Structures are given as structure tokens and as C-alpha cells.
1. Taking only the stretch 74-98 into account, find how many residues are among the charged types (D, E, K, R), touching a residue at least 12 places away in the same chain (Cβ under 8 Å), in a helix (DSSP H, G or I) and surrounded by fewer than 16 Cβ atoms within 10 Å (Cβ to Cβ).
2. Tally the residues that are without any contact (Cβ under 8 Å) to a residue 40 or more places away in the chain, under 24 Å from ARG61 (Cβ atoms), part of a loop (DSSP other than H, G, I, E, B) and of a type outside the set (Asp, Glu), restricting the search to the stretch 1-37.
3. Somewhere in the stretch 36-46, is a residue among the β-branched types (Val, Ile, Thr), exposed (fewer than 14 other Cβ atoms within 10 Å of the Cβ) and either at pLDDT below 95 or within 10 Å of the chain's Cα centre (by Cα) (or both)?
4. Would you be able to say whether some residue in the stretch 44-58 is acidic (Asp, Glu), on the phi < 0 side of the Ramachandran plot and not in a loop (DSSP other than H, G, I, E, B)?
5. For the structure I just gave you, tell me whether ARG66 is on the phi < 0 side of the Ramachandran plot, touching a strand residue (DSSP E or B) at 6+ places or on another chain (Cβ under 6 Å) and surrounded by fewer than 18 Cβ atoms within 10 Å (Cβ to Cβ).
6. Looking only at the stretch 7-23, decide whether some residue is at pLDDT 95 or above, closer than 17 Å to LEU95 by Cα, under 13 Å from the mean Cα position of the chain (by Cα) and not β-branched (Val, Ile, Thr).
Amino acid sequence: MRGHSAVYIMTNRSGRVLYTGVTADLQGRVHQHRTDAVPDSFTARYRAHRLVYYEAYPDIRDAIRREKQIKGWLRSKKVALVESLNPGWDDLWDLLSS
């Protein structure tokens, strides 16, 4: 995924917290979330360390537009999006990092 922009969703162990973000380096950014590289961040505070969804884009502007769209949705629609591609809410980090 290096060199590709992405919009992604992170969650905590219980799945109660959903964090939607955008990045030009998905592996690096998810690693930052998982290691609490920014201790005062939302993902560190709520331990949202599990990557449960992502979409890749060749252009960061498209990824930013999609992030804004998803952030405007109700939680139920975000849950449906995750479950459409990841019904078990598996942590996708291993797929991403291999």
C-alpha cells in the first residue's frame, strides 16, 4: 500500500469506537495508531488499534473526498460499510503488513 492514498476505519477491541481517517501511507499511519505514536490522539485515547476497513485511491484528493463522505454518515451506515467487506470485523493489519 505504500505510495497509494487510502481512507480507513479503525476500531477498538469492543468495536464501540469508530475512527475514520485518510493518509498517503496506510501502513505507516496504521502503525502509528497501533503504537500510540501520538499519545493525545483520539485513537490512542480510545485504543482504536484495529484496522477493519480501507479503500485505496491513486489520488489523495479522491481519498479526502471519500473520508469526508464517510465521516458524515451515521454509525449504522459505517458499520454496514465495514461489514460489507469485513463481516467478521477482522483486524486487517496482518494482510496490510505482509
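The values are calculated or read from the model by the stated rules, or taken from the named source; none is laboratory data. Keep in mind the model is a prediction, meaning the values are calculated, not measured. No Cβ is skipped: glycine too gets one built from the backbone with ideal geometry, and neighbour counts run over all protein chains shown.
1. 1
2. 3
3. For the stretch 36-46, residues among the β-branched types (Val, Ile, Thr), exposed (fewer than 14 other Cβ atoms within 10 Å of the Cβ) and either at pLDDT below 95 or within 10 Å of the chain's Cα centre (by Cα) (or both): present.
4. Looking through the stretch 44-58, at least one residue is acidic (Asp, Glu), on the phi < 0 side of the Ramachandran plot and not in a loop (DSSP other than H, G, I, E, B).
5. For ARG66, the condition - on the phi < 0 side of the Ramachandran plot, touching a strand residue (DSSP E or B) at 6+ places or on another chain (Cβ under 6 Å) and surrounded by fewer than 18 Cβ atoms within 10 Å (Cβ to Cβ) - is met.
6. yes
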